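Since every read-out is calculated from the coordinates, none of them should be taken as a lab result. Please read these numbers as outputs of a predicted model, since none were measured by experiment. Please note: Cβ atoms are built from the backbone with ideal geometry, for glycine as well, and neighbour counts cover all protein chains shown.
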């Protein structure tokens, strides 16, 4: 393996990563250099030239590493410059910030909340999954205008101090924590560390701020927040300020009632997946607390649209595809399997399993095996450590209709050829760094 510096997604920082693709490229480079040096030595038998080429050959990886490392200070200074620009812009415009964090559901909740708030405010949100310090800075610098009253900022974290830095940058007045679960454990190591980082958003809010938390999440329910802001609890159980009940979830969408302080309202949406009840509840609660009428919120819920790659259902000829390929978590995975189970067609799952689970990755993936075996007729696994754990769980349950492929393209070609009338769940997508 070779260590190489690469730029990851919208993060304007450089990280050290192991990648199969780069490894193969490196070995190809070695082969080409070996052939080149051999030919030069034969055609031009000059001892000094051969020695120089040999030294250059062995120095290449080291030089590549050194050059990449020298770029780090420049990257850091550029990053700091854009953060300062973003801070200055926020201070000058006085735009109120809503922070959204959590182990999952951030992007969907952000999208729903934006559609709700735009009925009353001039509001914008960080685009797509721009949720890092540099991604948020870029969103502020490029998208925020003086007329915007509110900006919704998605706040991601895969290690300590990520939320702390985002809070210092944006100074939010409102905050939502969607849930705390076993995500990004490769960086955080324990759930306690995940919780301590996520709650920094709420603990930073001012006295006149409003926080919305998932009261059904045990970790959040038991945590004692340090902020003196007003905390709104959402959930499906007693004790929630905004409580959903009579939930109906199927392939056509969601229907449920909301009760809040004696007021009730019925919501209907084409969004699928039981977990979206929480995303809608959190957005509904904060929008209502910020003055949007319940009637308008109910009307807007009817027209909510799914975020790209998050439980989108589409038809490809006679093949039905449920695409839930972005950043899977165990709750979303289970809900997607429930949607798959609601179909009467031949059911196929394509997945690399859950990744970034740290020490819990094996157990998290094996825990999915039983539900997978009950729902699916065929399981197609992209080879990762997570999918290997799923396979071991399926083997123990006696489920044999399972196969491995190298990538999603290969899986889809096979499915379209051999099972053209099936329903296919594509759960999670991963980069080469996770492949085996």
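Key figures
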| item | result |
| --- | --- |
| Calculated FRET value between residue 414 and residue 237, using beta carbons and R₀ = 45 Å, to 0.05 | 0.55 |
| Packing-based order for 161-172, 126-137, using average beta carbon neighbours within 10 Å, highest first | 126-137, 161-172 |
| FRET efficiency, 1/(1 + (r/R0)^6) with R0 30 Å, evaluated for residue 268 and residue 171 via beta carbons | 0.25 |
| Normalised contact order of segment 312-434, rounded percent, pairs of Cα under 8 Å and 6 or more residues apart | 41 percent |
| Dimensionless Rg ratio for segment 337-388, taking C-alpha atoms and the 2.2 N^0.38 Å reference | 1.17 |
| Overall Cα dimensions of segment 94-301 - principal axes, largest extent first, Å | 41, 39, 35 |
| Antiparallel DSSP beta bridges within segment 281-436, percent to nearest 5 | 25 percent |
| Gap separating the Cα centres of segment 378-408 and segment 73-120, nearest whole Å | 39 Å |
| Pairwise Cα inverse-distance average, inverted: Kirkwood Rh of segment 312-434 (Å) | 14.1 Å |
| Full-extension gain in nm, residue 407 to residue 80, via 0.36 nm per residue minus C-alpha separation | 114.0 nm |
| Segment 131-243, Rg to Rh (Cα coordinates; Rh as Kirkwood inverse mean 1/r) | 0.98 |
